Amino acid sequence: MTTTAAPAAATTAFAAADLGATSGRVVLGVVGRDRLELTERRRFPNTPVRLPSGLHWNLPGLFQEVLDGLRAAARSGPVASVGIDTWAVDYGLLDADGALLGLPFHYRDSRTAKVAEEVRDRLGARELYAATGLQHLPFNTVFQLAAARRSVQLGAARTLLLVPDLLAHWLSGGIGAELTNASTTGLLDARTGTWSSAIAGAIGLDPGLLPPPRQPGAVIGGLLPHVAAHTGLPASTPVVAVASHDTASAVIAVPAAEAGSAYISCGTWSLAGLELDAPVLTEESRAANFTNERGIDGTVRYLRNIMGLWLLEECRRVWAARGVPTERDTLLGEAARAEPFAALIDPDAPEFLAPADMPAAITGYLVRTGQRPPAGPGALVRCVLESLALAHRRVLRRAAELAGRDITRVHLVGGGSRNELLCQLTADATGLPVVAGPAEATALGNVLVQARAHGLVGDLPEMRRLVAATQPLRRYAPGGDPRAWDAAATRLDPR
């Protein structure tokens, strides 16, 4: 494996496969001195499969979609390299012959619910956090593996690959664990960036299953012959290990030049936090359930996961099945006119993780907490978005306290940056200016790491200057009555 790609021309195209929890796409990114453009070549749904064994990802189907997307990208002209980013924590197991042992589980599968608490109690919550710095979420990889401890698949496995590493392996044959995604597993030492054999052993996992970590920007290898034949790309086309956790890629494209910037990567999840030089491993940080995940160039993504626009999209899915109009702009218009703070939820309440009927789950929460459920979809959307804005406020303020930082500006990137009402509510709730965009932050970060591997861009600040100079951004000034937001925040968290 080499660590750098061949020098590229002054303006070069890169293929980025960007897979989210509900959809995926392959985009072509063109990078030059003052140029950064994306063109979508293929988009496809990411629909999980419920089998008797549980909820799984259809990873072979997703891989075929990636191949078809690369073929579409190749028709546009020369492609310098390929990079893949996906969601975090989920993995596939390979046997001694390199064959996939069953479909990877979906992180929303319920098999880890009790196991997570058992592992945390056995190993010690403080000890786990001191080692990994990871937010406690029941679907963290370490808990998934503990749940699979006695499974036939794990017993037959010889290699464990996180989803983006598995897809890269199918493209190139290379084996490794890209660090930004490895840091989400609960198995990586937060200080050293190496696998913790003590934690692996404590859950009965053979540490030999874990491949060596690799840095973003490393070249994994060229395309396998059958991949080259299907896509029309030369076999010499390098596959680059980008920041393969989609949030890590998104944070690369946060156009922040000033000190005091916080970020929210807003999509299915809202990931809100700060970029630091070192992890925060204090007991206060653990109690507040903040995570320390790796970014590029030795940075740390100090953040908390918040149940994001999943809440809204699941409501729309249920309404559509019932024949209720779900056009997004119409719903947001109704929400903007709805009564403020009529009802509020905690977006991270466990009943919102994977309900069959999200509107019913929200209504049940409101009844349980003594609130009147909204009358109509628009009012329920208002409830969801105000609650998300309050969660953004709560998490960013706590992150600043725990890290000893002042926040003067919030950068909101990802698909949520297109939601003008959510952006304005976040500015109002935090009392801080919000810079919204780029919406395509994840794919841009993917492309920029590839471009740097080819020598087209330099350090992280240079990448961000290119994003700021080339991508559309919107700015929202805080407004509204701060006392009303304070009162709403107290309703959700009276402490």
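In whole percent, what relative contact order does the stretch 72-192 give with Cα contacts below 8 Å and a gap of six or more residues? Before the final figure, lay out the partial values.
Values: 142 pairs, mean separation 44.6, N = 121.
Contact order relative to length: 37 percent.
The H on the amide N of ARG41, modeled in the peptide plane, is under 5 Å from the matching H of VAL26, VAL27, LEU28, each at least 5 residues off or on a different chain. Remark: the stretch 375-391, residue by residue, has Karplus-estimated 3J(HN,Hα) of 9, x, x, x, 5, 5, 4, 4, 4, 5, 6, 5, 5, 5, 4, 5, 5 Hz, where x stands for each Gly or Pro and the curve is 6.51 cos²θ - 1.76 cosθ + 1.60 at θ = phi - 60°.
Could you order peptides 103-116, 198-211, 321-334 by the average number of other Cβ atoms within 10 Å of their residues, highest first?
Details: 103-116: 18.4, 198-211: 16.7, 321-334: 13.0.
Result, highest mean first: 103-116, 198-211, 321-334.
Listed peptides 352-360, 161-169, 234-242 appear in the order 161-169, 234-242, 352-360 once ranked by packing, highest mean of other Cβ atoms within 10 Å at the front. The ellipsoid equivalent to the alpha-carbon distribution of the stretch 153-218 has semi-axes of 19, 16, 8 angstrom, derived from the gyration tensor eigenvalues as √(5λ) and listed largest first.
Quick one: helix 358-368 against the long Cα principal axis of the chain, what's the angle to the nearest 10°, folded into 0 to 90? Computed tilt is about 40 degrees. For the stretch 113-261, the dipole from Cβ point charges (+1 on Lys and Arg, -1 on Asp and Glu) about the Cα centre works out to 340 debye, to the nearest 20. Computed from backbone phi, the HN-Hα couplings of the stretch 320-333 come to 4, 5, 9, x, 7, x, 10, 4, 4, 5, 5, 4, 5, x Hz, rounded to whole numbers (Karplus: 6.51 cos²θ - 1.76 cosθ + 1.60, θ = phi - 60°; Gly and Pro given as x). Our summary gives the chain a relative contact order of 17 percent, counting only alpha carbon pairs under 8 angstrom and 6 or more residues apart. Kindly express, to the nearest 10 degrees and within the range 0 to 90, the angle between helix 163-172's C-alpha long axis and the longest C-alpha principal axis of the chain. Around 30 degrees separate the two axes.
For the stretch 105-111, the Karplus equation 6.51 cos²θ - 1.76 cosθ + 1.60, evaluated at θ = phi - 60°, returns couplings of 6, 7, 5, 7, 5, 7, 5 Hz by residue, with Gly and Pro reported as x.
Using the alpha-carbon centroid of each, what span in Å lies between the stretch 62-93 and the stretch 426-441? Comparing the Cα centres of the stretch 62-93 and the stretch 426-441, I get a distance of 30 Å.
How large is the helix-only mean residue ellipticity at 222 nm for the chain, computed as the sum of -39500 (n - 2.57) over DSSP H runs with n ≥ 4, divided by its residue count, in deg cm²/dmol to the nearest 500? Please report the intermediate quantities before stating the final value.
On the way: 19 runs with 192 residues, N = 495.
When only DSSP H runs of four or more count, the value is -11500 deg cm²/dmol.
Over the stretch 63-193, the Kirkwood radius and the radius of gyration, each from Cα atoms, give a ratio Rg/Rh of 1.03.
Taken together, the values in this text are just the output of simple stated rules run on the coordinates, not laboratory data. Just so it is clear, the structure is predicted and the values come from calculations on it, not from any experiment. As a convention, Cβ positions derive from the backbone with ideal geometry for all residues, glycine included, and neighbour counts pool all protein chains shown.
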